[in-house]
Amino acid sequence: MILALFAAASVASAPTEMAQSALQPWASFVGHCFSGPAPGKGVDTHCFEALYGGQHVRDRHEVKVDGKTVYAGETLYSVEGPNVTFVYWNSLGGVGRGAASVAGDQMSFAGDMRASPTGASQHFDATWRKVDGGYEVSDEGRKGSLFRRVD
């Protein structure tokens, strides 16, 4: 489920210039949306935008089943010192925090998440691997799930 929070892609258009160089790997996602399978059933769509002139990147996502939104969330990526960190919040009241790292065509994410305000904190690890026209998500719920650009 937590991997639904994260999405990435390689795109044909020129990437957006980010104000923070550590966020440059996210530049190819900015201004685009990507869809792939949600855990269980449904479609998970992520849309990215630069905030405050590229100082941050926002990823808003919705999970739809039979055309109806059943879950939504938002991730804000920011630079803290040499690190890219993120905060995630969802439509159930849950909150997560973590850090991201980039190596070649892979972006790795690790952190802790509460699915709801009273839920237990759970650790997660996830990886995005950029592919032509999208990205492949790997985590405990979606090994190799492909997200494609839809805009």
Descending semi-axes in whole angstrom, ellipsoid equivalent of the chain, from the Cα gyration tensor: 22, 18, 14
Within a Gaussian network of the chain (alpha carbon springs, distance under 10 Å), most fluctuating of A110, A99, A120: A120
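Relative to the present Cα-Cα distance, how much length would full extension add between D132 and K64 at 0.36 nm per residue of separation? Don't skip to the answer; put the middle values down first.
On the way: separation 68, 0.36 × 68 = 24.48 nm, distance 2.45 nm.
Answer, rounded to one decimal: 22.0 nm.
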Ordering of 127-135, 87-95 by packing [mean C-beta count within 10 Å, highest first]: 127-135, 87-95
Estimated FRET transfer efficiency (D151, Q106; beta-carbon r; R0 22 Å; 0.05): 0.40
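Where a number appears in this text, it was derived from the coordinates with a stated rule and is not lab data. This one's a predicted model, so the numbers in the text were calculated from it and none came from an experiment. Quick reminder, even Gly has a Cβ in these numbers, built from the backbone with ideal geometry, and neighbours come from all protein chains shown.
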